[in-house]
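The values are calculated or read from the model by the stated rules, or taken from the named source; none is laboratory data. Given the structure is predicted, the values throughout are model-derived calculations rather than measurements. Here the Cβ positions follow ideal geometry from the backbone for every residue, glycine too, while neighbour counts run over all protein chains shown. All accessible areas refer to the heavy atoms of the entire protein, side chains included, with ligands and DNA or RNA removed. Shrake-Rupley method; radii C 1.70, N 1.55, O 1.52, S 1.80 Å.
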Amino acid sequence: MGEPPESAGASLHQMVERVGKNELGLCIGQRVHVAGNRRRIGTVRYIGPVEGHAGEWVGVDWDDGDGKHDGRVNGVRYFRATNEQSASFVRLKNLSGGISLLEALYLRYRGESTKQEEDEMYVFSSSKRRVSIQLVGKSKIEEKLKHFEDLNSASMPYFGVGSVNPSQEIRNVVPNLKELDLTGNLLSSWQDINSLCEALPSLEILNLTNNLLEADVPELPSFSSIRILVLNNCGVTWKQVERLGQYLHAVEELHLMGNKMTLLLPSELDITNIKGFNSLRLLNLENNCICSWEEVLKLAKLRRLEQLHLNKNKLTHIFYPTNRSLPGLQDECYVPFEKLECLLLGSNQIDDLASVDSLNSFPNLVDVRLSENPIADTTKGGVSRFVLVARLAKVKILNGSEVCSSCYGNDAISRSTGDKTTTPELKSVYEIDDEKPSAGVSVPPKMSEGLISITLICVGASMGERQPLAKKLPPTTTVGRLKVLCESFFKLKGVKLRLFLQEKDSPLPTLLDDDTIPLMNVGAGNEATVLVDEEN
């Protein structure tokens, strides 16, 4: 059977939308999750009959892409899904449209919360004590919620939050909330989020990761007090980000990972005309699809920007801009990226030393990541860490590891560059003394002088509670060797381990999945933290 004509499809769409709203409790475009599985989330694309099957069906386009078709079944087009097999038809009883924010708050902090919930989600009072609430009946709920008035932090990831209560109700329950994590819920309306911010005037940190947000951004006057906004995997575009920037007057950190951005197309030639960007100190664009460095240069005038995260994009080369390379800005007296201290470029496609050398032109750059680029992979014709250190005269942290004289002395840097002497600039930066003639018998350096301190923390579900361990290890220790050591340190027999590097400024730990790489090449420097987990 062929597809129905567009006009018929439009009337059918209107009919099923009315049915969805009035009889089934769902509507087209609504976010839902599978009943009993709050992590299986999708968007309603169709509600109504399916040819050859009795009753009403709900067509869902699943976020994880795990469906059976693209909205077309037996030759009939019911809707268009994101991918060829990301959609399926489901009975209404097998779906949930979610719960309200306050319902989630009640459920999350009830007294009989499971151990897993307590580990994953938390709330602290102003005295840093965990607060749990036992809910028995409506009157008990209202009584117990009096204890919420001094809460300042709450986390409810994957709780199926699909709606926001009236502002006054929320304000009465948690009037002093400053930090809210709503990762993986069913929110899609910017207006709902604005109402949430209006209800929480003290809110400074808002995490909306994995909530698929609508395309149209209305006026958001209640966003003005947000300092840290996390919109990872929310399907937002740079155009939406610019619109948001008009209302984010206090934002200092903006996280935009995993939004498939390819271009940064500022509607304003001067990006500093966007009010919110004037206070921005950290911009996280990791795991997007940016392939042109010219796009990144559009951020060069952000005068307070200190950290720019560009890991896991598709950049092939970089360079420091001149006024001529920035159209429309030739006559301005300013220093591009003048306060940028940290530039993360890991897991891109950079393969030339000219890009490495250009990093020396950034006036205040001291922290750089180049790991998992061809230029840093000796098996792909790249150069060693020693060579990178030698060429980056001002960098103090490379790939997450501190660059210090104990690890990179005169001989090491000279060997890496092929020179017999180290430049005066490098000697000054790394505090390397001029070599002096030895008098008498030379004393070999202590073994401990070249070691790095690593804190190991067990996080595996079956490992139980184990105290973190601090160990001193050679920076050349491989990931595979560290796994063996962890088995011994924590007495983990028969457990297949996975290690993650937890970095201070990164919202997510980095999986160490190559057993052959030394710790110093994956960014594990002195005082690093490694999480010890188990496979599945």
Round to the nearest 10 and report in Å² the accessible area of residue 53, as given by a 1.4 Å probe over the protein chains' heavy atoms. 100
Can you give me the C-alpha center-to-center distance between the range 231-245 and the range 362-405, rounded to a whole angstrom? 31
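On average, how much accessible surface per residue is there in the range 162-223, in Å², for a 1.4 Å probe, leaving out ligands, DNA and RNA? Let's see the in-between values first.
On the way: 2310 Å² over 62 residues.
Per residue, the range 162-223 has 37 Å² of solvent-accessible surface.
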Distance in nm between pseudo-label sites at residue 476 and residue 72 (7 Å out along the Cβ direction from Cα): 6.0
Loop GluC sites (Glu not before Pro), the range 181-247 (other Cβ atoms within 10 Å of the site Cβ: 14 or fewer; DSSP): 219
What does the charge add up to near residue 240, with Lys and Arg as +1, Asp and Glu as -1, over the other residues with Cβ less than 10 Å from its Cβ? -1
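Among 298/339; 260/380; 239/298; 301/504; 312/396; 471/491, which pairs are too far apart, with a Cα-Cα distance over 24 Å? Could you put the intermediate results ahead of the total?
On the way: 298/339 15 Å; 260/380 27 Å; 239/298 13 Å; 301/504 26 Å; 312/396 22 Å; 471/491 15 Å.
Among 298/339; 260/380; 239/298; 301/504; 312/396; 471/491, the Cα-Cα distance tops 24 Å for 260/380; 301/504.
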Alpha carbon centre of the range 516-536 versus the range 290-317: separation in Å? 26
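By its C-alpha gyration tensor, with a ≥ b ≥ c as the square roots of the eigenvalues, how is the range 189-315 shaped: rounded for a/c under 1.5, else prolate for a/b larger than b/c, else oblate?
Details: a/c = 1.71, a/b = 1.39, b/c = 1.23.
Since a/c reaches 1.5 and a/b is larger than b/c, the shape of the range 189-315 is classed as prolate.
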Just reorder 334, 106 by solvent-accessible area, largest first, 1.4 Å probe, all chains present. 106, 334
Nearest-10 value in Å² for the accessible area of residue 247, using the 1.4 Å probe: 40
Unit Cα scatterers, Debye sum, the range 19-102: log10 I(q)/I(0) for q = 0.11, 0.19, 0.23 Å⁻¹: -0.26, -0.78, -1.12
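Could you tell me the calculated FRET efficiency between residue 515 and residue 349, based on Cβ-Cβ distance and R0 = 25 angstrom, to the nearest 0.05?
With R0 = 25 Å, the Cβ-Cβ based efficiency is 0.55.
What percentage of the solvent-accessible surface of the range 178-313, computed with a 1.4 Å probe over protein heavy atoms, is contributed by carbon and sulfur atoms? Walk me through the numbers before you get to the answer.
Values: 2260 of 4880 Å².
C and S fraction of accessible area: 46 percent.
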